[in-house]
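The block underneath contains the structure these notes are about, expressed in structure tokens.
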Amino acid sequence: MKAEYDFSNSKPNPYAKLLKKEVKLKIDEDALLYFKNLALDLGIPYQNLINSYLRDCVQHHRKPAVKWA
């Protein structure tokens, strides 16, 4: 390994905007269990499944049907 590296010609990472961001999210236990079971059936991690679902909502401009008490 070199003692020093020259980064004077380096360029910003063009994929940096595509990176995922870690967030802390509180989810109801039954909703989480639903996604975990569905993920097991599909053979993918539940975090990826939830992200895919949310990404689909973004792409199709879906809005939740929320009814306040």
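The values are calculated or read from the model by the stated rules, or taken from the named source; none is laboratory data. Owing to the predicted nature of the structure, the values given are computational and were not obtained by experimental measurement. Counting neighbours? That spans all protein chains shown, and the Cβs are built from the backbone with ideal geometry, glycine included.
Observations on the model:
- Looking only at the range 13-46, and only at residues there that are in a helix (DSSP H, G or I) and at pLDDT below 95, the one that is nearest to the chain's Cα centre (by Cα): L18
- Test result for K26, touching a residue at least 24 places away in the same chain (Cβ under 8 Å), exposed (fewer than 10 other Cβ atoms within 10 Å of the Cβ) and among the charged types (D, E, K, R): no
- Hits in the range 47-69 - residues which are of a type in the set (K, R) and over 12 Å from the mean Cα position of the chain (by Cα): R62, K63, K67
- Here S10 meets the list (1) assigned to a loop (DSSP other than H, G, I, E, B); (2) modelled with pLDDT of 95 or more almost entirely, failing just condition (2).
- Of all the residues in the range 10-29, those that are small (G, A, S) and closer than 16 Å to L54 by Cα number 0.
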